[in-house]
Structures are given as structure tokens and as C-alpha cells.
1. Take every DSSP beta bridge with both residues inside the chain and express the antiparallel ones as a percent of the total, to the nearest 5.
2. Starting from the Cα of residue 42, step 7 Å along the direction of its Cβ; do the same at residue 82; then give the gap between the two resulting points in nm.
3. On C-alpha positions alone, give me the angle between the axis of helix 59-71 and the longest principal axis of the chain, in degrees, nearest 10.
4. If the range 1-126 were replaced by its equivalent ellipsoid, with semi-axes equal to the square roots of 5 times the Cα gyration tensor eigenvalues, what would those be, largest first, whole Å?
5. May I ask you to list the chymotrypsin sites (Phe, Trp or Tyr not before Pro) in the range 233-291 that are in a DSSP loop and have at most 14 other Cβ atoms within 10 Å of their Cβ?
6. When the Karplus curve 6.51 cos²θ - 1.76 cosθ + 1.60 is applied with θ = phi - 60°, which whole-Hz ³J(HN,Hα) does each residue of the range 205-221 get, with x for Gly and Pro?
7. How many angstrom lie between the C-alpha centres of the range 253-270 and the range 156-204?
8. For the range 205-311, run through the trypsin sites (Lys or Arg not before Pro) and keep only the ones in DSSP coil with at most 11 other Cβ atoms within 10 Å of their Cβ.
Amino acid sequence: MVVTNGIVSLKHLVTMETLSNEEVLGLIKRGLAFKQGRADFKLDRQYFAANLFFESSTRTHKSFEVAEKKLGLSVIEFDAKTSSLNKGETLYDTILTMSALGVDICVIRHSQDDYYKELIDSRTIQTSIVNGGDGSGQHPSQSLLDLMTIYQEFQEFAAFENLKIAIAGDITHSRVAKSNMQILKRLGAQLYFCGPEEWYSLEFDVYGQYLPIDEIVDQVDVLMLLRVQHERHDGRGSFSKENYHRLYGLTQERYDRLKDNAIIMHPAPVNRNVEIKDDLVEAPKSRIAAQMQNGVFVRMAILEAILNGKA
């Protein structure tokens with residue numbers, strides 16, 4: 001991985017842990033340049049990209065597709081439901097096929113944690129891997145769009161240094177939370193975790209402090225809400241949307257206690273009236289729609305960095 005004159009070059013992007021602070025800031029600033037129409041970009045040849053999503057996705061899948069088309073890449077259609085996976089083909093062999101066909105970049109979402117390891121370790125597979133989310137592991141492109149959103153808001157205050165950020169909700173099962181806590185801590189933010197204690201792991205203590213949401217909501221600069229991931233729970237016990245919202249969600253009362261310049265974030269999809277009161281999704285302090293918009297531009301920056309690595 002290389003940064004030259006602010007331009008990042010990558011072979012793969014699978015986890016935030018492998019990015020330096022300089023690379024993170026380079027991708028954020030390049031995403032902003034794309035958003036503001038200041039980025040000078042031209043392909044030197046035809047490049048092919050494929051989006052292989054083995055779990056449901058709207059924002060990540062479609063924003064990568066929009067980003068690819070904005071950059072002029074040729075997007076290869078792929079539908080997991082009609083692929084040879086139904087005949088028993090492994091993920092490895094699917095990507096081996098894509099590489100042999102000349103696909104330059106594969107954006108992949110898969111339910112298996114660390115699925116990408118055997119792909120990037122392969123001597124035969126030449127396609128670059130961009131992790132669109134692995135199980136309960138990592139989600140680097142979501143983390144980068146979150147960072148870009150925070151940077152836009154607070155860059156005049158040294159961006160991340162000493163910002164108070166609360167990550168609230170289903171932390172154990174959230175790849176977004178894991179990606180964000182690692183890099184935000186490294187960038188100098190002060191982190192807090194809120195939500196049900198049974199959805200919190202002591203391993204996260206190294207990154208921040210666990211507190212009830214009502215003890216911290218009036219102090220934070222950023223309240224980062226997480227989706228309740230019903231599909232990753234084992235089904236034991238009962239779950240009440242009303243109780244969750246009352247005890248852990250962003251109610252009107254808690255919204256009113258936020259600082260004047262605080263912002264609300266959520267990776268979406270949003271469970272309305274669970275993590276956040278329905279009419280607060282588009283409230284003045286909400287940046288949920290801005291996150292979605294920023295996702296296109298930071299993913300353009302990611303794809304450009306991969307293409308730089310190939311050049």
C-alpha cells in the first residue's frame with residue numbers, strides 16, 4: 001500500500017486494520033474531491049468489476065455499482081441465486097473463474113468471517129478483492145464513508161482528535177462497529193459503547209468505555225446507532241421492539257438532550273421506532289442520508305486506489 005501526493009494505491013481492501021492513518025485520510029479526502037467535482041480521473045484501459053453479494057444489500061451493493069459506473073468501469077452482472085454455487089461450487093472457485101475471465105475487481109459480501117483470506121493469499125487469483133462485509137467481521141467501505149461523514153462535519157476542529165463518539169446497539173454482531181472502533185480509536189476519538197449488556201463483549205474495553213446511553217447522550221459529538229441484527233441472533237429469548245426503543249434507542253427525549261452540534265449516524269437499513277424514533281431519521285441532526293450519499297464517493301476513492309495499485 002502506497003500514498004503518493006495524497007493518492008492512495010491498494011492491491012486489496014478487506015479490513016481497516018491494514019490501512020495506515022495516512023491512507024485513511026487520503027481516501028476520505030479523495031472521496032470529498034469526487035463529491036465536489038475536483039477529482040481528475042481517467043481510465044488507461046478497459047477495466048471490469050463484479051459485485052458478488054451472497055447476503056442481502058441495498059446501499060453497499062448499489063453504491064458500489066453507481067461508483068463503478070461513474071468511474072467508467074464495465075460492470076459484470078452476477079446473481080448468486082443463478083450462479084454455479086447452486087451446483088456446489090466454492091467461493092474460491094467462483095473468484096478463480098472471475099480472475100481467469102479477466103475481471104479486475106471483485107466486490108464481495110459473504111456471511112463467513114474472514115472469507116477473503118484464502119482469496120488474497122492465492123497465487124493464482126489475480127483479481128483484487130474489496131470486502132463488502134464479512135459475517136460479523138469487517139465492513140471497511142462503510143467505515144470509510146462514516147469517517148468521511150464525520151470528517152466533513154468536524155474537520156475545522158481537527159476532525160477526529162478528542163471527539164466523543166458513542167456506538168450504540170447490537171455491537172457484538174456488528175461488522176460496522178468493529179471496523180469503526182478500531183480506526184476511530186487510532187485516529188484519536190474518545191469512544192463509548194451503549195446498548196444491551198448481553199450484546200457487548202469485554203474485548204471492546206480496549207477501545208472505549210461501556211455506559212448506559214442516558215449517561216452519555218448529552219456529552220457526545222457523534223451518536224452512531226446500529227441496526228438490531230435479528231438474522232445473526234440464535235432465536236433464543238424474546239425481543240420487544242418497544243422495550244428496546246425505550247431502554248436503548250434514540251427517543252425524542254434523548255434527541256432533545258443531544259448537544260447543538262451533535263450528529264446522529266446509522267449504517268442502515270434502519271429499524272424505525274426500534275433504534276431510532278421514526279421521525280428522527282431525517283431530523284436536523286441526522287446524517288443518515290448524507291452517509292448514503294457519501295458512500296458513492298468514498299467507494300469511488302476505494303476503486304480508484306485499487307486501479308492505482310494495478311497501474
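1. Numbers: 3 of 35 bridges.
The answer is about 10 percent antiparallel.
2. For the pair residue 42/residue 82, the computed spacing is 3.8 nm.
3. In the chain, helix 59-71 runs at an angle near 50 degrees to the longest axis.
4. 27, 17, 15
5. Qualifying residues, ordered by number: 239.
6. Along the range 205-221, the couplings run 4, 5, 9, x, 10, 8, 9, x, 4, 5, 8, 10, 4, 8, 10, 7, 8 Hz.
7. 15 Å
8. Sparse-neighbourhood loop trypsin sites (Lys or Arg not before Pro): 236.
Every read-out reported here was derived from the displayed coordinates using simple, explicitly stated rules and does not represent laboratory data. Because the structure is a prediction, the values reported are computed rather than measured. Cβ: placed from backbone, ideal geometry, glycine included. Neighbour counts: every protein chain shown.
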